[in-house]
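Reading through the structure tokens given below for one structure.
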Amino acid sequence: MENDAELVVAFQAATPFEAQNVAGILRSEGIPVFIEGGFLQDEIAVAGRITGRVDCQVRVPKSYLKSARDAIAAARLSGRTFEQAPEEEE
């Protein structure tokens, strides 16, 4: 498998919503993103949805891993949280 084709975990999200927030940050930086585990429909996933915990992995091509981690770190440094909906500006 080519280095670019291999997907690696850039972020481990607790919920599909958190994974989508992180994926949006990465996409805005031009980083290709794949979310694994956000659409599971087995008994374990259903139980996780009921309890509010469904682990989702935000994956990126291996060659983008450093850029992805840098973008996530920059978002955190700016005070961004991933588990909450963004506040609407008035």
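What follows is calculated from the coordinates using simple rules that are stated; it is not laboratory data. Every value quoted in this text rests on a predicted model; they were computed, and no experiment measured them. Methodologically, a virtual Cβ is constructed for each residue, glycine included, from the backbone with ideal geometry; neighbour enumeration extends over all protein chains shown.
Before moving on, here are some points about what is shown:
- Taking a sphere under 12 Å around the Cβ of residue 23 and counting the other residues whose Cβ falls inside, with K and R at +1 and D and E at -1, yields a net charge of -1.
- When peptides 10-17, 62-69 are sorted by average Cβ neighbour count within 10 Å, with the highest value leading, the order is 10-17, 62-69.
- Label-to-label distance, nm, for residues given as residue 8 and residue 69 (7 Å Cα→Cβ offset): 0.7
- Under 5 Å from the amide H of residue 8 lie the amide H atoms of 60, 62, each residue being 5 or more positions distant or on a separate chain, with H modelled from the backbone and absent for Pro and chain starts.
- Residues in region 62-73 carry Karplus couplings, in order, of 3, 5, 9, 4, 4, 4, 5, 5, 5, 5, 5, 4 Hz; the curve used is 6.51 cos²θ - 1.76 cosθ + 1.60 with θ = phi - 60°, and Gly or Pro positions show x.
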